Number of protein chains: 2
Amino acid sequence: MPLGQRAGDNSESRYAGCEILRHTDDIEEALSSSLSAGFDFIVLPLTNPEYRPSKNAGLVPPFCGSDLVFSSTQWSSHVVGKLSDWIDLDGDDDVARLDSELVLKKELSWAGHLSVQACLLPTPKVFGCANYARCVNQVLQGLGNMQVCKRDPISNRLLNDSWEWWHMFRTLCEYHSQLGVALDITASLPPASAIKRWIGEPLKAAILHTSAFLTNKRGYPCLSKRHQSLITMLFNHSVQVCCSCSLCFTFDHWTDNGNSQDPLILYRDYVANLYRKLDPLTTQEQFELGYRDFLQAPLQPLMDNLEAQTYETFEKDATKYDQYQNAIRAALVDRVSDAEASTKTIVLMVVGAGRGPLVRASLKAAEECGRNLRVYAVEKNPNAVVTLSRLIKIEGWEDLVELVSCDMRHWDAPEQADILVSELLGSFGDNELSPECLDGAQRFLKKDGISIPSSYTSYIGPVTASKLYNDVKSYNDLSHFETAYVVKLHNAAPLAAPQPVFTFVHPTDNTDNRRYKRLVFNFSPDTGSALVHGFGGYFDAVLYKDIHLGIEPSTATPNMFSWFSIFFPLRTPIYVPAGALLELHFWRCVAPTKVWYEWSVTSPTVSPLHNPNGRSYWVGL
Amino acid sequence: MPLGQRAGDNSESRYAGCEILRHTDDIEEALSSSLSAGFDFIVLPLTNPEYRPSKNAGLVPPFCGSDLVFSSTQWSSHVVGKLSDWIDLDGDDDVARLDSELVLKKELSWAGHLSVQACLLPTPKVFGCANYARCVNQVLQGLGNMQVCKRDPISNRLLNDSWEWWHMFRTLCEYHSQLGVALDITASLPPASAIKRWIGEPLKAAILHTSAFLTNKRGYPCLSKRHQSLITMLFNHSVQVCCSCSLCFTFDHWTDNGNSQDPLILYRDYVANLYRKLDPLTTQEQFELGYRDFLQAPLQPLMDNLEAQTYETFEKDATKYDQYQNAIRAALVDRVSDAEASTKTIVLMVVGAGRGPLVRASLKAAEECGRNLRVYAVEKNPNAVVTLSRLIKIEGWEDLVELVSCDMRHWDAPEQADILVSELLGSFGDNELSPECLDGAQRFLKKDGISIPSSYTSYIGPVTASKLYNDVKSYNDLSHFETAYVVKLHNAAPLAAPQPVFTFVHPTDNTDNRRYKRLVFNFSPDTGSALVHGFGGYFDAVLYKDIHLGIEPSTATPNMFSWFSIFFPLRTPIYVPAGALLELHFWRCVAPTKVWYEWSVTSPTVSPLHNPNGRSYWVGL
């Protein structure tokens, strides 16, 4: 029974599980009692823990229960396999090591046979997990669809950050896409920023131990505020919660007293309660849901003509056009005093008018402040021009708006403009070549004319984003690692605040649009070490004076959905030790027919230069 | 005119050059005077150093001389291009940076037009060379056959190891195979181990400054002992020397006095003298010359039958058979006292007899010590058996030697052996499956019988070997990075002493031939930081008691050429900071039909596991 239902949210996190701690052969009873306690799945030990191949040579492995007890649908939807806890592949004892290897492989093979969806690997006993990783890696090479999750405590071990344990393991396994992590949550929690790292990891499950709970005044289990917000964050990132009654005596105590109710019910109910208290998804979140962590190629609006559907989506973004309308109004009021309002006519040119939303915003702004306007609507896409000409007729704008079917870079304007309005920005600001277009258009802007936007700045920051990294890697070629993607970053952990990269001002005297920026990011020592899979890119644009528009997280315009962030991947993820600096270099390069970025990291380690000469990714002029 | 001639050695290092320091348009004079001073090539500035595109807009770049002065053969054999020294791509001045980029690209393009074989890039002005590397990297993507060498001083800069400068640059350029390094040698030299690192780098030239020289009693230039041994080492590793008169006033002084002789002649003569004092190549070195740094797939002697040519080569290795003969004789004397010598007959089985060299060695040993022998010569290759049966007839060994055409693992022996003699060792000891073969053969060895060899151990050590790395990389697939190669390591720098990996003893009670070893290498802080491209593998075998045979460098058997070392590459080279530890894991894995190695580094950074399940490289059983 799901924990609850949130409109539009079909994430796996609404299913909760229950860890079966003790080995049992009555697996039917184990499942049915857990289901009746409200859980959706059980984490089931696969083998009798007494079994050691070296002592039980020739024996059929004593797997718990039988594959015939459940149907394969039941196995796959209700059971997660748990490998033997005693497995230790990096100890000094040769016999124990070879026993461990054999049992690990037999259990994973058996789990595959059962068609369970996932298996939990025990937490390694020592830090150096090379041999453990080797055995799992061998299995991963030929694994069917099963997920394998390594358990690690979220709380730091003495002197050792558990993330480091996970990092060594998964690096040895080369970030295999079927290798995930399950975090054991007990009473103590690391700092918030150290927890946040995990969001960008392939975090599949959280094993919530009863020891993590406090007891409230009425004797019921409850979680601390910090634990509550952790669980809430996990729910919001599709992580499944699994309850584990590590204090087993409680269990015995309860049943001894003839109380047949599974004590985990109380914990499960508490968790369900937390789930039901989740904030409902906003309209924007519901819209974005299907795009989360989904890589898209950026638009090439100069080389390609946008389709009606694309215009339709963007035109729905009311917030964006409200901001433009505010900016245009403010510019008009600055440009024409109240006294001149009835006599003076402002020449406003919308360059890249599309199907007309900025023309409408301009006319509305003029109406609001009672200024006279002559509008030129310049658009290069002949298909959009058709719609726009119809719009002008329908709205009766024939006397106000002149339609120009032309590329702004080559238009021979009949007069100079007071105000140039454009919306040519990409997720990274200049990446759809707004600078080159507006440099071409400023020929017909009066010397003291105004460009809206008047400037824009790109921002960039390092992120952990293992899902994106694996998606890029799955293309199995270099060029996808040297391409920027438009993506709604969700299961991605920002590791430092984004910093400004390139700024473009309009109009400008300097039309050299090549840029180079060196950025140094400080990683908070609180975070611990982390892995950088790439960089999230954003922009902020000044439309006019204090009216801005943007997606840079700290200043993002609310309720605007026209832009997702952009993601620049790294060919090899870069490990940044706790408290270290990350040095990034970013270039904007320009050639006669194209513009492209190159990027590289030089600290803490050196990456190769990405995308030399725009060999993999470029935007056509 | 070459510096000298060494029999069999046709390396480039016998040609020396001369750096032209001052810009000149009379390039014909510059070349002819250098040739007449005995040099083979000149390093020529390509452009007037006053030229700045920002100040000389529209100007045809003032390249020195003209492409018509020399024929293209002259350009390619006698001229190395030198880029403008003032180029600074990582300074704060935007104008200087863009000027530098333009001139760098124009000069490299011009050098390509001239078809010179190589160009020297100036030493960067600051450590952070990201933008410099980006520009060079862009050019490298489309470069013809030209080599590009970055100049770096061999002496450490204040607080900064010049190797680090080089390392950042070439990593940004992704170890491009056309990017090399040229070291400026002046008076001060770093520690010997820091110098040794460079041998594994793509070191193409050494620019020997006159300031590196001392003056001897007679007023002639000479080098310190340390400088002499450096130059000798460079000669031995195909590095070209280029003299540079950094003390130019000397030059002026000489010519002013009407002395028309180029002062560099004295330096050139000194260098030529050093060249002529090189030790002549030994027979073994001459044999190995053609195999230096040349990757070969290891033999698969179990799956494939060796060819006559291979037998022929190995049979020539007198040292090896002498050692076997000594070992067999010692074993015979131990086994049969002088008193029993005439009555007792020893059963000796040569398993893997090939074309008979070990049969011969056995019979010789018996003759030397006057013991009686009955020899079984077991060989699985039917072609070798043909040769062997002829040999027995020719030598008249019919009464002494019984020929068995059979795989030793499946032979049903008619009696038990006193001594089992084999030569099944690969470069890495067990890598040609000696353990599996001898485990099969020990069925017919008496309980107290002797195996020659009685044990063998593999050794491994980290190396810098950029040439090998680039050769592996040029295959452009994963599997070549997960394969071991037989190779005569020459332009490779060992970074720490090799350590023992796996030992096999024969006969043995334990026929489980799986192995796991964790190795920790200490890098001397004297070395500075270094890059590990992979691991050199060796073996040492105890034939009998104190008689050993092996290629582990510190104990290698002299004058033996049957084995080159083995090279295990890393998919991504690993940077080891000065004084850091390197942790390596090595596994020998066994399945019913094959044996393979897996390997991985876990410190200072973590590599993926190489060759899981033997997916890329294995030896068939």
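The values are calculated or read from the model by the stated rules, or taken from the named source; none is laboratory data. Predicted, not measured: the structure shown is a model, and the values here were computed from it. Don't worry about glycine lacking a Cβ; one is built from the backbone with ideal geometry, like all the others, and counts go over all protein chains shown. The accessibility values were calculated without ligands, DNA or RNA, using every heavy atom of the protein model including side chains. Shrake-Rupley method; radii C 1.70, N 1.55, O 1.52, S 1.80 Å.
Structural remarks
- Paramagnetic reach from A:SER455 in segment A:417-438 [backbone N under 15 Å; point 7 Å along Cα→Cβ]: A:430
- Spatially, segment B:125-166 and segment A:30-69 are offset by 60 Å when compared through their Cα centroids.
- Cβ-Cβ distance of A:ALA497 and B:SER177, R₀ of 25 Å, FRET efficiency by 1/(1 + (r/R0)^6): the value works out to about 0.05.
- Measuring only protein heavy atoms, the 1.4 Å probe finds B:VAL606 accessible over about 30 Å².
- With a Förster radius of 25 Å applied to the C-beta separation of B:GLU28 and B:LEU102, the computed FRET efficiency comes to 0.35.
- Extents of chain B, largest first, come to 97, 52, 41 Å (Cα atoms, principal axes, whole angstrom).
- Length gained when the stretch B:ASN372-B:PHE287 is fully extended (0.36 nm per residue, less Cα-Cα span): 26.8 nm
- Sequence of A:LYS380, A:LYS82, A:LYS225 when ordered by accessible area, the most exposed leading, probe 1.4 angstrom: A:LYS225, A:LYS380, A:LYS82
- Three semi-axes describe the equivalent ellipsoid of segment B:537-594; taken as square roots of 5 times the Cα gyration tensor eigenvalues and ordered largest first, they are 27, 20, 12 Å.
- Dipole magnitude for segment B:12-279: computed about the Cα centre from +1 point charges on Lys and Arg Cβ and -1 point charges on Asp and Glu Cβ, it is near 960 debye.
- Think of segment B:334-407 as a dipole: +1 on every Lys or Arg Cβ, -1 on every Asp or Glu Cβ, centred on the Cα centre; then among B:LEU373, B:LEU391, B:MET349, B:LEU391 lies furthest on the positive end.
- Distances between copies of B:SER32, taken at a point 7 Å out from Cα along the Cα→Cβ vector and listed shortest first: 10.7 nm.
- Rolled with a 1.4 Å probe across the full set of protein chains, the surface gives A:TYR175 an accessible area near 30 Å².
- On a per residue basis, segment B:195-354 carries 48 Å² of accessible surface, using protein heavy atoms and a 1.4 Å probe.
- Most to least accessible of B:PHE568, A:PHE561 (protein chains only, probe 1.4 Å): A:PHE561, B:PHE568
- Cα gyration tensor category, rounded, prolate or oblate, for segment B:270-346 with a/c compared to 1.5: oblate
- With semi-axes defined as the square roots of five times the eigenvalues of the C-alpha gyration tensor, the equivalent ellipsoid of the protein assembly as shown measures 62, 51, 23 Å, largest first.
- Stokes-Einstein translational diffusion, segment B:394-539 - Kirkwood Rh over all Cα pairs, 1.306 mPa s, 10 °C, in µm²/s: 87 µm²/s
- Overall form of segment B:12-279: oblate. Here a/c, set by the Cα gyration tensor axes a ≥ b ≥ c, is 1.5 or more, and a/b is not larger than b/c.
- Threshold 40 Å², segment B:75-124 residues less accessible with all protein chains present than alone (1.4 Å probe): B:LEU98
- Histogram of C-alpha separations across segment A:317-423, 10 Å bin width, %: 15, 49, 31, 4, 0
- P(r), alpha carbons of segment B:455-620 - 10 Å bins starting at zero, rounded %: 10, 37, 38, 14, 1
- When the accessible areas of A alone and B alone are added and the area of the pair subtracted, with a 1.4 Å probe, the result is around 2900 Å², both sides summed.
- Of all aspartates and glutamates in the structure, those lying under 15 Å Cα to Cα from B:LYS344, and not within fewer than 8 positions of it along the same chain, are B:ASP334, B:GLU367, B:ASP418.
- Here the calculated FRET efficiency for A:GLU340 and A:ILE394, from their Cβ-Cβ distance with R0 = 35 Å, stands at 0.65, rounded to the nearest 0.05.
- Too-long pairs where the Cα-Cα distance tops 25 Å, listed order kept, from A:LYS196/A:LYS488; A:LYS320/A:LYS364; A:LYS125/B:LYS473; A:LYS320/A:LYS488; B:LYS204/B:LYS320; A:LYS105/A:LYS125: A:LYS125/B:LYS473; B:LYS204/B:LYS320
- Spin-label model, A:GLU415 to B:ASN522: label points 7 Å out along the Cα-to-beta-carbon direction sit 8.5 nm apart.
- DSSP-defined beta bridges in chain A - what % are antiparallel, rounded to 5: 50 percent
- Positive-end extreme of charge dipole, segment A:13-278 - chosen from A:PRO61, A:LEU264, A:VAL139 (charges on Cβ): A:LEU264
- A helix-only calculation puts chain A at -8500 deg cm²/dmol for mean residue ellipticity at 222 nm, using -39500 (n - 2.57) for each DSSP H run of at least four residues, averaged over all residues.
- Selected from A:PRO573, A:SER529, A:PRO553, residue furthest toward positive end of dipole (segment A:500-582; charges at beta carbon): A:PRO573
- Simple spin-label estimate for A:ALA57 and B:VAL505 gives 2.0 nm between the two label positions (7 Å along the Cα-to-Cβ direction from each Cα).
- Placing A:HIS610, B:HIS237, A:HIS410, B:HIS23 in order of accessible area, with the largest value first and a 1.4 Å probe, yields A:HIS410, B:HIS23, B:HIS237, A:HIS610.
- The DSSP beta bridges internal to the protein assembly as shown are antiparallel in roughly 50% of cases.
- In the complete set of protein chains, residue-level accessible area for A:THR387 is approximately 50 Å², probe 1.4 angstrom.
- Cα-based reach from B:LYS277 at 16 Å (exclusive), listing aspartates and glutamates while leaving out same-chain residues under 8 positions away: B:ASP9, B:ASP269
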